[in-house]
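Undergrad: To start, I am sharing the structure in question, which I have written as structure tokens.
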Amino acid sequence: MLHIPLLRKGKEYKSLDAVRVAHHRTREPFVEISQANVGLVRRDLNEQESARRTLAAFTTDELIALSERAAKIFAGDELPVGDAAQTPEDYVAQVSATTCLPFVMARRNMEKVRGVMAEMRTVLNGLTRNLPFDALDRGYGEVAGQTVSFFPRALSLGVVLPSNSPGVHTLWTPSVALKTPLVLKPGGAEPWTPYRVAQAFIKAGAPREAFSYYPTSHAGAGEILLRTGRGMVFGDAGSTSQWRDDARVEVHGPGYSKIVFGEDCADDWEKYLDVIAASVLDNGGRSCVNASGVWTPAHAEEIAASLAERFASVSPRADDDEGAQLAPFADPRVAARISAIIDEGLALGGARDVTAELRGGGSRVAEWGGCAYLLPQPLRAPLRAPRLPARCGRMKDEDSLDHGGRGADVLRELPARQRPGG
Amino acid sequence: MPVVTTDELQARVEAARGRLDAHVREIVAWHFDPATGCDFWLEHAKGLGFDPREEIRTYEDLALLGEFQDEWLRGGPVRRWVPRAYQDRPVYVFETGGSTGVPKSRINVEDFRIDYEAFSDTLPDEAFPRGADWLQVGPTGPRRLRLAVEHLAQHRGGICFMVDLDPRWVIKLLKSGQPKQAEDYKRHVVDQALILLRAHENIKCLFTTPKLLEAICEKVSLKKLGIRGVFCGGTEMTPQFHRFAVEELLDGVEFRPTYGNTLMGLAVGKPRLPEDDYAIIYYPPAPRAMIEVVDPDQPDRVVGYGETGRVRLTTLTREFFMPRFLERDEAEREPPYGLYPWDGVRNVRPFSRFQTTVVEGVY
């Protein structure tokens with residue numbers, strides 16, 4: 001079986017403590033992942049300066065070039081995953097196996113990550129608002145005639161990652177070009193992408209000391225965020241709440257993104273239907289930026305009916321089907337549980353499952369290929385409808401529309417269902 | 001340890017079994033004799049419909065008594081557990097499982113001394129020098145460790161310094177979402193330990209828990225401070241922690257993991273062998289206590305060697321008789337070993353079926 005080791009400042013370490021993650025379809029163990037004990041993480045993070053020095057020895061331009069090379073390697077080369085080799089297609093299949101994402105989505109996310117790494121110059125220009133890169137190297141420079149100074153506020157960036165979608169990994173890749181070593185805690189079901197990105201950077205010439213990779217417990221994740229100067233955390237409201245007031249940590253999640261129509265646009269709703277449908281459905285509804293609600297002051301019925309019609313044609317397909325739009329649930333009980341919560345909300349009155357009529361009364365939970373899928377559907381509800389939460393009270397006399405698929409607001413009540421950032 | 005042939009091991013296993021059966025007869029006779037037994041067992045015997053002194057002749061016969069119930073030890077009167085033969089002796093009470101609700105209590109007269117003296121015989125003098133002083137950093141209060149480690153130090157000719165930690169408070173802090181306070185408390189404990197370690201050159205032996213060991217080693221090199229041996233226990237220990245302690249925390253300082261609890265006594269760790277890959281293997285102090293690994297669904301069935309099951313403890317001392325108590329732990333069953341020719345347990349950890357919420361504290 002594949003084994004993914006830790007990376008302790010780039011050095012592989014096979015832990016005696018490992019967890020096995022199953023293939024979502026066969027339920028057979030698919031990969032074994034070394035787990036870092038908390039003390040090991042803490043001990044390693046006692047000394048962060050040496051890793052920082054290895055990156056500081058490069059100029060920003062050199063690191064940008066290195067990122068560009070790493071982008072090509074990430075997308076095209078065979079790279080190590082523990083003792084095994086991983087081709088790009090292996091990577092896609094592996095991501096799919098443990099996250100349930102169809103191949104086509106895994107590939108799309110891979111391209112997204114590659115794109116950010118390849119466009120690192122543009123990304124850095126955006127992040128620094130076109131600060132001349134030599135200011136990053138020298139520590140000072142000039143912008144619009146003013147002298148500015150640059151001072152890294154952290155010796156490393158700690159990132160506690162989710163499993164929902166590999167697209168989130170675009171957010172931390174600029175750290176390398178900013179000369180800041182990475183301390184990564186992968187999501188339990190998505191160990192693949194951070195490991196592969198790190199290997200791509202290393203193959204491209206980055207110092208391996210700059211990459212630490214610690215699959216670990218919740219307590220270990222906490223140590224990473226406590227002990228690195230800057231951090232990112234992805235997760236649901238419960239797991240991120242303790243970091244919300246910590247200025248060092250950027251919190252991503254839990255999502256609940258909305259589309260809001262202004263009164264000036266609502267009459268043109270048909271123009272935006274593609275955007276709405278894509279916002280809801282793209283990436284299988286797994287991203288935090290997937291819309292979980294559409295709020296409109298008018299035409300809710302028409303919008304709901306049109307979306308229902310589009311969603312009704314979405315059905316489960318094979319993992320390697322290029323037309324796949326839905327990802328199944330690794331645990332079929334979760335789909336049933338979410339559906340039951342939607343039903344409970346509907347039973348309270350005031351809201352309606354618009355797709356139900358098109359489904360001919362069939363269940364919104366579909367069993368296919370040994371897996372359970374939750375079919376997307378708009379739930380039509382007035383703004384003040386009970387138990388269809390997260391409705392903002394600022395719009396007057398509006399109708400509002402929630403779709404009850406992957407991104408429905410009702411998911412908020414599910415502790416097990418996270419849609420962290422990305 | 002010289003190599004023991006299969007035949008020799010078998011002979012030792014049989015001899016140990018004979019001693020165990022004889023010990024069972026002696027202990028049952030003691031606890032069910034109105035002159036020496038405790039009120040609990042004498043009262044219990046009235047409902048059995050048989051005289052255990054007649055019917056229980058071997059270790060297996062203890063099955064006639066059924067499983068020892070957890071709640072028997074919760075609440076009073078605790079004197080019902082004191083054997084009549086010891087009514088006039090000073091009695092200690094030790095507690096376990098008190099993070100929530102009423103803890104289990106076990107009375108003690110001399111057992112902790114006997115157990116720790118026996119354990120002392122397994123410690124190498126090079127790593128735990130006779131006459132050296134000890135430092136105990138860990139839970140004391142109502143726990144047996146409060147007196148046991150101190151007695152161990154004294155038994156070996158040393159003096160024991162103490163730093164206390166209240167794990168119930170730590171669990172309360174963590175459950176109420178106050179990790180920072182828990183961390184501050186840990187720092188407070190570790191700071192006290194460091195002061196003592198730096199101030200007393202004759203402290204050469206340390207008892208502490210895994211998490212506190214990590215925290216101490218984060219601050220100092222125990223080797224440089226003169227520590228020669230670490231006796232570690234009190235909570236679950238994983239093979240990975242064992243390896244981490246040996247390879248990274250201790251710089252060659254001797255590491256002795258133990259599995260003990262208030263109810264059973266102190267199990268000795270099997271000497272570390274490369275083929276065991278840092279598995280933590282314990283053997284009970286037979287015949288005073290036995291550990292078995294049983295099928296959780298059929299607790300009468302002991303699982304095969306290498307198989308996983310629930311830990312069942314039996315304590316057989318004159319002070320305390322606890323037959324077939326299903327512990328809240330699971331483990332793999334380990335075959336007899338030359339030094340300890342009876343069943344052991346490998347990688348003891350909390351029983352997975354009970355694990356709803358795990359609070360990871362500084363304890």
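Undergrad: Can you pull out every residue in the stretch B:58-109 that is open to solvent by less than 30 Å² (accessible area, probe 1.4 Å) and of a type in the set (K, R)?
TA: Listed by number, the residues that qualify are B:K104, B:R106.
Undergrad: To continue, here is another question. In this structure, does B:R324 turn out to be surrounded by 17 or more Cβ atoms within 10 Å (Cβ to Cβ), under 30 Å from B:V78 (Cβ atoms), more than 14 Å from chain A (Cβ to nearest Cβ) and basic (K, R)?
TA: Yes: the conditions hold for B:R324.
Undergrad: Condition test on A:A106, is it surrounded by 16 or more Cβ atoms within 10 Å (Cβ to Cβ) and closer than 30 Å to A:A189 by Cα?
TA: yes
Conditions tested, residue by residue: (1) closer than 12 Å to B:C205 by Cα; (2) in a loop (DSSP other than H, G, I, E, B); (3) at pLDDT 95 or above; (4) out of contact with any Leu (no Cβ under 7 Å at 6 or more places or on another chain).
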{"position": "B:E95", "(1), (2), (3), (4)": "no, no, no, yes"}
{"position": "B:V102", "(1), (2), (3), (4)": "no, yes, no, yes"}
{"position": "B:Y116", "(1), (2), (3), (4)": "no, no, no, no"}
{"position": "B:A127", "(1), (2), (3), (4)": "yes, yes, yes, yes"}
{"position": "B:G131", "(1), (2), (3), (4)": "yes, yes, yes, yes"}
{"position": "B:L135", "(1), (2), (3), (4)": "yes, no, yes, no"}
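Undergrad: Just to be sure before I move on: is A:G253 in contact (Cβ under 8 Å) with a residue 40 or more places away in the chain and out of contact with any Pro (no Cβ under 8 Å at 6 or more places or on another chain) in the structure I sent?
TA: On the way: in contact (Cβ under 8 Å) with a residue 40 or more places away in the chain: yes; out of contact with any Pro (no Cβ under 8 Å at 6 or more places or on another chain): no.
So A:G253 fails the test.
Undergrad: Let me ask you something else. I want to confirm something. Restricting to the stretch A:146-168 and keeping residues that are at pLDDT below 95 and not in a loop (DSSP other than H, G, I, E, B), which single residue is farthest from A:I202 (Cα to Cα)?
TA: A:Q146
Undergrad: Also: Checking A:M1 against (1) within 21 Å of A:A84 (Cα to Cα); (2) modelled with pLDDT of 95 or more: exactly one of these is not met. Which one?
TA: (2)
Undergrad: Same structure, new question: For the stretch A:354-382, what are the residues that are touching a strand residue (DSSP E or B) at 6+ places or on another chain (Cβ under 7 Å), at pLDDT below 85 and not aliphatic (A, V, I, L, M)?
TA: Result: A:T355, A:Q377, A:P378, A:R380, A:P382.
Undergrad: Would you check if there is a residue in the stretch B:307-314 being out of contact with any Leu (no Cβ under 7 Å at 6 or more places or on another chain), free of Cβ contacts under 8 Å to residues at least 60 places away in the same chain and under 30 Å from B:A29 (Cβ atoms)?
TA: yes
Undergrad: Does any residue of the stretch A:164-177 turn out to be over 28 Å from A:I276 (Cβ atoms), hydrophobic (A, V, I, L, M, F, W, C), touching a residue at least 24 places away in the same chain (Cβ under 8 Å) and crowded, with 23+ Cβ neighbours inside 10 Å? Steps first, answer last, please.
TA: At the first step, the residues of the stretch A:164-177 found to be over 28 Å from A:I276 (Cβ atoms) are A:172-177.
Subset that is hydrophobic (A, V, I, L, M, F, W, C): A:172, A:176-177.
From what is left, the residues that are touching a residue at least 24 places away in the same chain (Cβ under 8 Å) are A:172, A:176-177.
Okay, now just the ones that are also crowded, with 23+ Cβ neighbours inside 10 Å, so A:176-177.
Yes.
Undergrad: Also, quick follow-up: Quick one: which helices (runs of 4 or more DSSP H) sit completely within the stretch B:1-73 and have at least 1 residues that are of a type in the set (S, T, N, Q)?
TA: B:6-31
Undergrad: One residue is enough: does the stretch B:301-309 have a residue meeting the conditions out of contact with any Phe, Trp or Tyr (no Cβ under 8 Å at 6 or more places or on another chain), under 29 Å from B:V93 (Cα atoms) and assigned to a strand (DSSP E or B)?
TA: no
Undergrad: Just the residues that are open to solvent by 20 Å² or more (accessible area, probe 1.4 Å), out of contact with any His (no Cβ under 9 Å at 6 or more places or on another chain) and of a type in the set (S, T, Y), please, taken from the stretch B:268-305.
TA: B:Y305
Undergrad: Output the residues belonging to the stretch A:244-258 that are at pLDDT 90 or above and touching a strand residue (DSSP E or B) at 6+ places or on another chain (Cβ under 7 Å).
TA: A:R248, A:V249, A:E250, A:V251, A:H252
Undergrad: In the stretch B:256-280, what count of residues is obtained for those that are of a type in the set (D, E) and within 12 Å of chain A (Cβ to nearest Cβ)?
TA: Selection size over the stretch B:256-280: 2.
Undergrad: Show the residue pairs meeting these rules: Cβ distance below 7 Å; 6+ apart or different chains; first residue within the stretch A:276-303 and closer than 19 Å to A:T99 by Cβ and surrounded by 24 or more Cβ atoms within 10 Å (Cβ to Cβ); second residue of a type in the set (D, E, K, R) and modelled with pLDDT under 85.
TA: Close Cβ pairs satisfying both conditions: A:G284/A:R406; A:G285/A:R406; A:R286/A:R406; A:R286/A:R419; A:N290/A:R406.
Undergrad: Ok, one more. Can you confirm whether the stretch A:110-122 contains a residue that is under 27 Å from A:R27 (Cα atoms) and out of contact with any Cys (no Cβ under 8 Å at 6 or more places or on another chain)?
TA: Checked against the condition, which is being under 27 Å from A:R27 (Cα atoms) and out of contact with any Cys (no Cβ under 8 Å at 6 or more places or on another chain), the stretch A:110-122 yields at least one hit.
Undergrad: Follow-up question, since we're still on this one. So is B:A153 in contact with a Phe, Trp or Tyr (Cβ under 7 Å, 6 or more places away or on another chain), small (G, A, S) and at pLDDT 95 or above or not?
TA: Judged against the criteria, B:A153 is a match.
The values are calculated or read from the model by the stated rules, or taken from the named source; none is laboratory data. Computed from a predicted model, the values in this text were never measured in an experiment. Reconstructed Cβ throughout: ideal geometry from the backbone, glycine too, with neighbour counts over all protein chains shown. Side chains included, ligands, DNA and RNA excluded: accessible areas come from the protein's heavy atoms. Shrake-Rupley method; radii C 1.70, N 1.55, O 1.52, S 1.80 Å.
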